[in-house]
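Contents: one structure, followed by commentary.
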Amino acid sequence: MSTIRIGHGWDLHRLVVGKPLLLGGVSVKSPLGADAHSDGDVLLHALVDAILGAAALGDIGEHFPPTQAQWKDADSSTLLAKVLAILADERPGWQLGNVDATVILEKPSLKEYKPMIQKSLAKLLGLPLEQISVKAKTCEKLGPIGHGEAISALVTVLLCADTD
Ligand code: MG
């Protein structure tokens, strides 16, 4: 028998001039980037929280406090790798089932980036492409995201374990 656990993650960062815009480890060409203590990859941050949530192992802020200098400008793919290692240690036998991600950003359009982001996530997670979904939406020019002041991401994951 297989047991499943669902997890969801959400993140938002302010957009500012002169910072890189990284999504799922992919560099997106944009005059605005995420203002953050780490590299500001909202998609990886939401993914990390979704995995931690599915495993009931806390949240990204507990594991990588923004008050600690060691996480300044941290590569978020390193944070993801550390969380996968924590998952393997704390929840042996549990595997990622699928990942469904939505990025909310007014511009630039992520149409050409979505396949790259999907491939990058598949590589970082060691999963086939068909288990990774990357979607993109705007905020219809409404609110801080719609005004180009912020970027957000939502991620849902399943963890699966054989419990025979
Ligand atoms: Mg974040």
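Laboratory data are not the source of any read-out in this text; all were calculated from the coordinates shown. Remember, it's a predicted structure, so these values are computed and weren't measured experimentally. Glycine also receives a Cβ, built like all others from the backbone with ideal geometry; neighbour counts cover every protein chain displayed.
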Taking springs between alpha-carbon atoms closer than 10 angstrom, which of Val99, Val42, Val26 fluctuates most in the Gaussian network model of the chain? Val26
For the chain, alpha-carbon Rg relative to the globular expectation (2.2 N^0.38 Å, N residues): 1.02
Along the stretch 91-106, what does the Karplus equation 6.51 cos²θ - 1.76 cosθ + 1.60 (θ = phi - 60°) give for ³J(HN,Hα), rounded to whole Hz, x for Gly and Pro? 10, x, x, 7, 10, 6, x, 9, 10, 10, 10, 10, 9, 10, 8, 6
Trypsin sites (Lys or Arg not before Pro) restricted to DSSP loop in the stretch 1-90 with at most 12 other C-beta within 10 Å: Lys29, Lys72
Loop GluC sites (Glu not before Pro), the stretch 57-164, which have at most 13 other Cβ atoms in a 10 Å radius of their Cβ (DSSP): Glu112, Glu140, Glu149
Over the stretch 11-59, what is the relative contact order in whole percent, taking alpha-carbon pairs under 8 Å and six or more residues apart? 34
Net charge within 13 Å of Leu127 by Cβ-Cβ distance, Lys/Arg positive one each and Asp/Glu negative one each, not counting Leu127 itself? 0
Identify, among Leu21, Pro65, His45, the residue whose Cα sits farthest towards the positive end of the charge dipole of the chain, taking +1 on the Cβ of Lys and Arg and -1 on the Cβ of Asp and Glu, with the dipole about the Cα centre. Leu21
CD proxy at 222 nm, helix term only [per DSSP H run n ≥ 4: -39500 (n - 2.57); per residue of the chain; nearest 500]: -8500 deg cm²/dmol
Neighbour net charge for Cys139 - beta-carbon separation under 12 angstrom, K R +1, D E -1: 0
How charged is the neighbourhood of Asp73? Take every other residue with its Cβ under 14 Å from the Cβ of Asp73, and add Lys/Arg as +1 and Asp/Glu as -1. -2
Sorting Thr156, Thr67, Thr3 on the 10 Å Cβ count, fewest up front, what's the list? Thr67, Thr3, Thr156
Express the relative contact order of the chain as a whole percentage, based on alpha carbon pairs under 8 Å and six or more residues apart in sequence. 35
Both in Å, the radius of gyration and Dmax of the C-alpha trace of the stretch 18-106 are 13.6, 43
To the nearest Å, what is the center-to-center distance of the stretch 118-154 and the stretch 56-77, using C-alpha atoms only? 20
Using the Karplus curve 6.51 cos²θ - 1.76 cosθ + 1.60 with θ = phi - 60°, work out ³J(HN,Hα) for each residue of the stretch 76-82 in order, rounded to whole Hz, and write x for Gly and Pro. 5, 5, 5, 4, 4, 4, 5
Relative pair counts by distance (%), Cα atoms of the stretch 85-137, 5 Å bins: 5, 19, 24, 19, 15, 9, 6, 3, 0
